[in-house]
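To keep things clear, I will list the structure first and then write my remarks on it.
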Amino acid sequence: MGLDDREALATLRAAVDPGADSDELIRRFYTRWFAIDTAVRDLFPPDMSRQRAVFAQAMTWLLGELIERRAEEPVAFLAQLGRDHRKYGVLQRHYDSMRDALLTTLRSHLIDRWDDRLAGAAEQAVDLIIGIMRGAADAEKGPPFRDGTVVEHLRVTRDVSVIRLQLDDPLFFHAGQYVTVQVPQWPRRWRHLSPSIPADRSGAIEFHVRSVTGGMVSPAIVGETRPGDRWRMSNPHGGLRVDRDGGDVLMVAGGTGLAPLRSIIMDLSRWAVNPRVHLFFGARYPCDLYDLKTLWQVASTNPWLSVTPVSEYSTNPPWASDYPDVEPPRGLHVRQTGTLPDVVTSYGGWGDRQILVCGSPQMVQATTAALIAKGADPAGIQHDPLAS
């Protein structure tokens, strides 16, 4: 029966489900793959824990979609995955060794239940997954990545840096999209970053990066990046956007979640007439609102843009004096004190707006929940994937 056998697919899904403690199976899969194709190991970071978790989640979702007979999203996801994996140096032969390792690991893990039905479902599911990825990668003719040189590093707050690069070749993307970036301090460990300016034909690009406590890549970027460093970045992902004919817009940015919304706002400023945009830009302390001067400059010449700064605390800590003053000239809305979900929803339900929310996963989830509770349509709220 193969892919028509829902019971067999459910057995496979349960085996890889991270909620059912599949880490040992996934660990054995990667160990077997690296053993039969030693070159593959160099494509992955030294610490495989996150990679194993992401792979298990993806396989669980894909098998669940196959069970439910849904094809559109899985095919699009796998095709994008295949195209994106080119940046790692994945070759066509790696897909063959991956197939052998995955099927062998599943068979050994489920040996007490392995029969022709389970074997048929496993082979067809794995062949479908790998076939779409392989085909999409083979069909893509553009470069798999862009390299660039850091030309400026600005430390704008205690834990936020603005990094400006000059790419060897321009990277074209829609304002609001994100890329994955590899920095020299952490080879083979990619991180999602959103450009804070629209695509530039000369190859200029800018990122806003916050050092995450306990993280690996972001503290290295903020603390160690120097002009002359060489970065590598993937082709763009994401669909965050504003429909200029879709009505007025609410934007909510927490910290460096400002970057993609700033890019969209700058892109909109190319037109004289736009829907009204109200941006709430929030942070913990007033000094963390690092880009208010730029927002003031854009708002001062674009009457469709309103900006409300928000800070959880009303005063700055002592260390704020070590960093640039972020207070803009008069013209923005008066800074509000409180959490973003509380302040934003105190203005109303925003149910008639296009809504874009960017920031930490916790901030996005809390703000989205608060907006929905006030009457906003969940289908009208956009945000990037919460896992980076």
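In table form, for the structure just shown:
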| read-out | value |
| --- | --- |
| Nearby lysines by direct alpha-carbon distance to K87 (threshold 24 angstrom, same-chain neighbours under 8 apart not counted) | K141 |
| For V212, residues with placed amide H under 5 Å, excluding near neighbours | S218 |
| Shape box of the chain [Cα atoms, principal axes, largest first, Å] | 73, 49, 40 |
| With Cα atoms, 0 to 90° folded angle of helix 116-139 axis to the chain main axis | 50 |
| Rg/Rh for the stretch 1-95, where both radii come from Cα atoms and Rh is the Kirkwood radius | 0.98 |
| Distance cut-off 13 Å, percentage of C-alpha pairs in the stretch 72-118 lying past it | 69 |
| Percentage relative contact order, the chain, counting C-alpha pairs under 8 Å, at least six apart | 13 |
| Computed over the stretch 160-268: relative contact order in percent, which uses C-alpha pairs under 8 Å that are six or more apart | 36 |
| Convex hull volume per residue for the stretch 320-388, taking Cα atoms only, in Å³ | 136 |
| In order through the stretch 274-285: 3J(HN,Hα) via Karplus (6.51 cos²θ - 1.76 cosθ + 1.60), integer Hz, x for Gly, Pro | 9, x, 5, 10, 10, 9, 9, 10, x, 7, 6, 10 |
| Longest to shortest principal axis, alpha-carbon extents of the stretch 263-388, angstrom | 42, 35, 30 |
| Acute angle (nearest 10 degrees) that the helix 72-84 long axis makes with the longest principal axis of the chain, alpha-carbon atoms | 80 |
| Principal axis dimensions, the stretch 172-244 - Cα atoms, whole angstrom, descending | 39, 27, 19 |
| Within-14-Å neighbourhood charge of A376 [Cβ basis; K, R +1; D, E -1] | -1 |
| Positive dipole terminus of the chain, leading residue within T38, S108, Q182 (C-beta point charges) | Q182 |
| Nearest 10 degrees, 0 to 90: helix 6-16 Cα axis against the chain principal axis | 70 |
| Rg ratio (alpha-carbon, reference 2.2 N^0.38 Å) - the stretch 52-165 | 1.44 |
| Average accessible surface area per residue within the chain, 1.4 Å rolling probe, Å² | 47 |
| Estimated dipole of the chain in Debye, rounded to 20 [Cβ of Lys and Arg +1, of Asp and Glu -1, Cα centre] | 740 |
| Estimated vicinal HN-Hα couplings, Hz - the stretch 225-232 in sequence order (Karplus 6.51, -1.76, 1.60; Gly, Pro = x) | 5, 10, x, x, 4, 9, 10, 10 |
| The stretch 230-388, relative contact order [Cα under 8 Å, separation at least 6], % | 26 |
| Accessible carbon and sulfur surface of the chain relative to its total accessible area, %, 1.4 Å | 50 |
| Compactness of the stretch 125-253 - radius of gyration and Dmax, Cα, Å | 16.7, 49 |
| Computed [θ] at 222 nm, deg cm²/dmol, the chain (DSSP H ≥ 4; -39,500 (n - 2.57); rounded to nearest 500) | -12000 deg cm²/dmol |
| 10 Å-binned pair-distance histogram of the stretch 115-180 (Cα, whole percent) | 14, 26, 23, 16, 14, 7, 0 |
| Under the Karplus curve 6.51 cos²θ - 1.76 cosθ + 1.60, θ = phi - 60°, whole-Hz ³J(HN,Hα) for the stretch 312-324, x wherever Gly or Pro sits | 5, 10, 7, 10, 8, x, x, 6, 4, 5, 7, 10, x |
| Exposure of K374 as accessible area (Å², to 10), given a probe of 1.4 Å and all protein chains | 110 |
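The values are calculated or read from the model by the stated rules, or taken from the named source; none is laboratory data. Everything numeric in this text was worked out from a predicted model, so none of it was measured. Cβ atoms come from the backbone with ideal geometry, glycine included; neighbour counts cover every protein chain shown. When the accessible area is computed, the model is the full protein with side chains, heavy atoms only, and any ligands, DNA or RNA have been set aside. Shrake-Rupley method; radii C 1.70, N 1.55, O 1.52, S 1.80 Å.
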